[in-house]
Amino acid sequence: MDAVDPTLFRLAIFVLAVFVGYYVVWSVTPALHTPLMSVTNAVSSVIIVGALLAAAAHGGGGAHVWISKGAGAAAAALASVNIFGGFLVTQRMLSMYRKKDRPKVEGAGR
């Protein structure tokens, strides 16, 4: 029996993760969207740590180190955009539930 190519195996896992992620996110009710965004921000913060470790990689030199540094820097940039965008969306959604102050009309009620 031949072994499965590791690249094909990883690609299959990635494709399955995309499908599962799509169906999980789109089946969330709107009431749970804000907590979901908060959890996504927490996950992205963990990704930032791994991305910074990859960007700070040093080794014997060569192209592999520069690929690691580039991928780490790109991952850190994309995860930080996700974190800041998630916070903006969360703040906007939470502002929808705040009470709005009504302006007082002078001279009314006499």
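Bear in mind that the values in this text are calculations on the coordinates, not laboratory data. Bear in mind that the values here come from a model prediction, so they are computed numbers and not experimental data. Every residue, glycine among them, receives a Cβ derived from its backbone with ideal geometry; neighbour counts consider all protein chains shown.
Points to keep in mind about this one:
- Short-range pairs are left out: with C-alpha atoms under 8 Å and at least six residues apart, the relative contact order of the chain is 27 percent.
- Dipole magnitude of the chain, debye to nearest 20 (Cβ charges: Lys/Arg +1, Asp/Glu -1, about Cα centre): 880 debye
- Listed candidates (1) 1.25; (2) 1.00; (3) 1.08 - label of the one calculated as Rg/Rh (Cα atoms, Kirkwood Rh): (1)
- Span-rule helices in the chain, defined as complete DSSP H runs reaching 15 Å or more along the axis (Cα) with Kyte mean at least 1.6: 6-26
- Approximating the spin labels as points 7 Å out from Cα along Cα→Cβ, the Val81-to-Trp26 distance works out to 2.3 nm.
- Per residue of the chain, the DSSP helices (runs of n ≥ 4 H) give a summed -39500 (n - 2.57) that works out to -25000 deg cm²/dmol at 222 nm.
- Projecting the Cα atoms of Trp26, Leu88, Trp66 onto the dipole axis of the chain, where Lys and Arg carry +1 and Asp and Glu carry -1 at the beta carbon, places Leu88 farthest toward the positive end.
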